[in-house]
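The values are calculated or read from the model by the stated rules, or taken from the named source; none is laboratory data. The structure presented is a predicted model; accordingly, all values stated were derived computationally and were not measured. Note: ideal-geometry Cβ built from the backbone for every residue, glycine included; neighbour counts use all protein chains shown. Each accessible area value is taken on the protein alone, full model and side chains, heavy atoms only, with ligands, DNA and RNA left out. Shrake-Rupley method; radii C 1.70, N 1.55, O 1.52, S 1.80 Å.
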Amino acid sequence: MMRSIAITLPLVAVAACSAATSSPDASPLAVDAALADAAPGGPCPLTVNEVAAAGVPDDWFELMNVSDAPIDLAQFRFTDEAADLAGAVPLPATVLAPGARHVQEVSDATNGFGLGAGDAVWIYQVGVATPCAGVDWASGDAPTGGSWARVPDGTGAYRTTTPDTRGVANR
């Protein structure tokens, strides 16, 4: 007669990482060991920090990692239609360090859609049917040369900023 014994061992996560994990010179093993896996349906590690819907030459939005761990953006997709998962576009395979920003350009030619004067951008985690993050705006909120941005960075309410603050702290 054979017996089965179940042993439960604690899971230890190592999060010894720094902003250097987002550099191209970082060891792939170090990056993989430190990546945060956002729990499907759990708190979103990203926020849409800024949007330029009348961008020159392309529209763009800025994501910010608001978690305490590096995030692999390849785990996420974006769209301008909240219910259009089939049209959601993958984000690049880039590791975003805590507090870091990623600017994603959006154009009809590259993505099959652009961001309009009164539109929205939604972020979905791969395999999850509800948005992880997103924002909508009215016509005039993101004017040419300006943006619809969180002030203060990452946590504040959205407001029109001129000029835009692409890739740097919103003001």
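Points worth noting:
- When you count the other C-beta atoms within 10 angstrom of each residue and take the mean per peptide, 85-93, 142-150, 66-74 line up highest first as 142-150, 66-74, 85-93.
- What a 1.4 Å probe finds exposed on the stretch 49-147 is 52% carbon and sulfur by accessible area, rounded to a whole percent.
- Summed over the residues of the stretch 94-157 and divided among them, the accessible surface reaches 42 Å² per residue at a probe radius of 1.4 Å.
- Gain in span if fully extended, Glu105 to Thr144, counting 0.36 nm per residue against the direct Cα distance: 12.5 nm
- Distant-in-sequence amide H partners of Leu46 (H built 1.01 Å from N, under 5 Å): Val66
- All other residues whose Cβ lies under 9 angstrom from that of Gly118 are scored, Lys and Arg at +1 and Asp and Glu at -1, for a net of -3.
- Once the chain from Val56 to Ala86 is taken as fully extended at 0.36 nm per residue, the excess over their C-alpha distance is 8.1 nm.
- To the nearest 10, the accessible area of Arg101 is 70 Å² with a 1.4 Å probe.
- Simple spin-label estimate for Thr155 and Ala129 in nanometres, 7 Å along Cα-Cβ: 3.4
- Spin-label pair Arg171-Asp68: with each label point 7 Å from Cα along the Cα-Cβ axis, the two points sit 3.1 nm from one another.
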